[in-house]
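K.L.:
Here's a structure for you.
Every number here is computed from the coordinates shown, using simple stated rules; none is lab data. Quantities reported herein were computed from a predicted structural model and do not represent experimental measurements.
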Amino acid sequence: MGSTREPNDGPSRNLVYREEAAYALGKNGAERLEALLHADKPMQVIRSLPDRDLYLTVRQVGPMDALPILALASAAQIQHVVDLESWRQDRFDSDRAGAWVAVR
């Protein structure tokens, strides 16, 4: 039976996504967004970002400008962003949490 996988699927392709993500992370603000969104496969590149780097990118450009990358992020990445934005030290801030849920 034939395989439906692309020739570059698997671990080697994941490395390419991580390299594209690293390239984007070397840029700032709008240039980073452009590099992520104009990657060959933006969803895979964005999902290869460490949660922390996705969060810092969102913080740098702001939630509204980050909507295109948030739309392509994984559920775990979104949860990370919402968790970090919803807590102030040891206190849950329901207003901030609600604002982030509304953004998504």
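K.L.:
Relative to the first principal axis of the alpha-carbon coordinates of the chain, what is the inclination of helix 75-86, with its axis defined by its Cα atoms, in degrees from 0 to 90 and to the nearest 10?
P.N.:
Result, in degrees: 20.
K.L.:
Moving on to the next point. I'd like the distance between the alpha-carbon centres of the range 53-104 and the range 30-47, rounded to an integer number of Å.
P.N.:
18 Å
K.L.:
With Rg/Rh (Cα atoms, Kirkwood Rh) as the read-out, I listed (i) 1.16; (ii) 0.94; (iii) 1.06; which label goes with the value calculated from this structure?
P.N.:
(iii)
K.L.:
Also, I was wondering about something else. List, in order, the whole-Hz ³J(HN,Hα) value for each residue of the range 57-66 obtained from phi through the Karplus relation with A = 6.51, B = -1.76, C = 1.60 and θ = phi - 60°; use x for Gly and Pro.
P.N.:
My calculation for the range 57-66 gives 5, 4, 5, 5, 9, x, x, 6, 5, 8 Hz in order.
K.L.:
Could you list which residues have their amide H under 5 Å from that of Trp87, counting only those 5 or more apart in sequence or on another chain, with H placed in the peptide plane?
P.N.:
Asp93
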